[in-house]
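See below for the structure under consideration.
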Amino acid sequence: MKIGFEAKKVFTNSTGIGNYSRRCINALDMYEKNIESVLFVPGQVKSGIYHDINKNIKIVTPDKWISRNSLLREIWRCFFSWHSVRCENIDIYHGLSNELPFLINHSKCKTIVTIHDLIFIRHPETYSWLSRMILNVKTYYACNISDHIIAVSDTTKRDIINFYGIDEKKISVVYQSISDVFRKSIQESEITRCRKKFNLPEKYILCVGTIQTRKNQKTIVKALTFIPKKIHVVLVGKRTEYQNEIVSMAKSYRISNRLHIINDLPNEYLPAIYRAAIVFVLPSIFEGFGIPVTEALASGTPVIAAKGSCLEEAGGPNSIYIEPNDAKGMADAIHQICNDKIKRDTMVRKGKQYSMRFTDKTLAGELCRVYNNIINHKHQ
């Protein structure tokens, strides 16, 4: 079976959808030998982010004069890549990032789109007017024209049904996998080296994710005021203007010395930083899935996450869930985990077990099931 992938973020995005795209392609390459993958990339391929791609995977790009111009790349990807898809005799074209090329129906192949979230509808205040309009047009088009939709969570599936009126039979939930590096044992010397390199405290609460309003890291700073001074917080993520508000808040509470922020952390250090944390917290107002939660579970770190979106799916039944803005509730949960060894050990053990749902082998098998059903015209 020949699968074409819309791969615009595979070589350019080191987080989020970029990670999702690479995990799908790598999982299929490793576990499904009957799948032949073709990547459609609008620009020149840069191997810095995705250096471990199998050399046998074919990559299709537009002419160089198109690749060198950002506007022409976007025009090619949205309106003319279908012709390249058709020339490659693709069986299924899979859009990995909420969209499909316009006119893709001219390529004469089946189409699938992965929808990560509809946050731009649920929380429009987190996007500019122009971004909301573009995202809505592309996502609505992809959901309606595709032969099938993959949602990354049950929460996202419900949103697709509720906001776009899509028949639930057209949607399958396929969870993303996480890297096995989070499950491997780490030498204490590696954790010590990581602490020294980033000046990490002995006891810290960890949050991983872009530092932005929707991630709601201010609640963590507020929670610090209710817990012992020896416990600090470490935020790891891409910087935005919201970071300045967090720093100002910590200063106003006189706890600046307990706030540690690491921007643009190299991925190689992330497993050790997860492992050294006493608790992982994610008080997001809304998420499409919440991969850092699952990475924390696999690392053996107890999780406290927000209610109200899909984080219960990512964290499983043995994590603790609070209202997104409940700083006192977060502090109480942290106290509980730190002071109840039996509770903590149970959360760690069962969290690791739950994280085994999110493996590359499972992802590859679920994707193949969807592909085969689409080829054979079966509902999920």
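Taken together, 169, 184 contain a single residue that is surrounded by fewer than 16 Cβ atoms within 10 Å (Cβ to Cβ), touching a residue at least 60 places away in the same chain (Cβ under 8 Å) and within 24 Å of residue 5 (Cα to Cα), which is 169.
In the range 64-84, the residues that are farther than 12 Å from residue 102 by Cβ and of a type outside the set (D, E, K, R) form Cβ pairs under 7 Å with partners that are open to solvent by less than 20 Å² (accessible area, probe 1.4 Å) and not in a helix (DSSP H, G or I), at six or more places apart or across chains, as follows: 67/43; 84/40; 84/60. Per the conditions (1) in contact with a Lys or Arg (Cβ under 9 Å, 6 or more places away or on another chain); (2) of a type outside the set (Lys, Arg); (3) open to solvent by less than 10 Å² (accessible area, probe 1.4 Å); (4) part of a strand (DSSP E or B), the sole criterion not satisfied by residue 280 is (1). When the range 213-239 is filtered for residues that are outside any helix (DSSP H, G or I), touching a Lys or Arg at 6+ places or on another chain (Cβ under 8 Å) and of a type outside the set (Phe, Trp, Tyr), the ones remaining, listed by number, are 229, 230, 231, 232, 233, 237. Scoring residue 304 on the criteria (1) open to solvent by less than 10 Å² (accessible area, probe 1.4 Å); (2) touching a His at 6+ places or on another chain (Cβ under 7 Å) leaves a single failure, condition (2). Over 17 Å from residue 80 (Cα atoms), open to solvent by 10 Å² or more (accessible area, probe 1.4 Å) and hydroxyl-bearing (Ser, Thr, Tyr) - does that describe any residue in the range 132-149? Yes: the range 132-149 contains one or more residues that are over 17 Å from residue 80 (Cα atoms), open to solvent by 10 Å² or more (accessible area, probe 1.4 Å) and hydroxyl-bearing (Ser, Thr, Tyr). Under the condition of being more than 17 Å from residue 142 (Cβ to Cβ) and in contact (Cβ under 8 Å) with a residue 40 or more places away in the chain, which residue from the range 85-100 is least open to solvent (accessible area, probe 1.4 Å)? The residue in question is 88.
For (1) touching a helix residue (DSSP H, G or I) at 6+ places or on another chain (Cβ under 8 Å); (2) outside any loop (DSSP other than H, G, I, E, B); (3) open to solvent by 10 Å² or more (accessible area, probe 1.4 Å), each residue gets a yes or a no:
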position: 274; (1), (2), (3): yes, yes, no
position: 308; (1), (2), (3): no, no, yes
position: 325; (1), (2), (3): yes, no, yes
position: 351; (1), (2), (3): yes, yes, no
position: 366; (1), (2), (3): no, yes, yes
position: 369; (1), (2), (3): no, yes, yes
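Residues being in a loop (DSSP other than H, G, I, E, B), under 26 Å from the mean Cα position of the chain (by Cα) and of a type in the set (Val, Ile, Thr) are entirely absent from the range 67-90.
This table checks each residue for (1) in contact (Cβ under 8 Å) with a residue 24 or more places away in the chain; (2) part of a strand (DSSP E or B); (3) under 16 Å from residue 233 (Cα atoms).
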| residue | (1), (2), (3) |
| --- | --- |
| 254 | no, no, yes |
| 260 | yes, yes, yes |
| 287 | yes, no, no |
| 300 | yes, no, no |
| 304 | yes, yes, yes |
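The values are calculated or read from the model by the stated rules, or taken from the named source; none is laboratory data. Remember, it's a predicted structure, so these values are computed and weren't measured experimentally. A quick note on method: Cβ atoms are made from the backbone with ideal geometry, for glycine too, and the neighbour counts reach across all protein chains shown. Quick note on the areas: whole protein, heavy atoms, side chains included, nothing else; ligands and nucleic acids left out. Shrake-Rupley method; radii C 1.70, N 1.55, O 1.52, S 1.80 Å.
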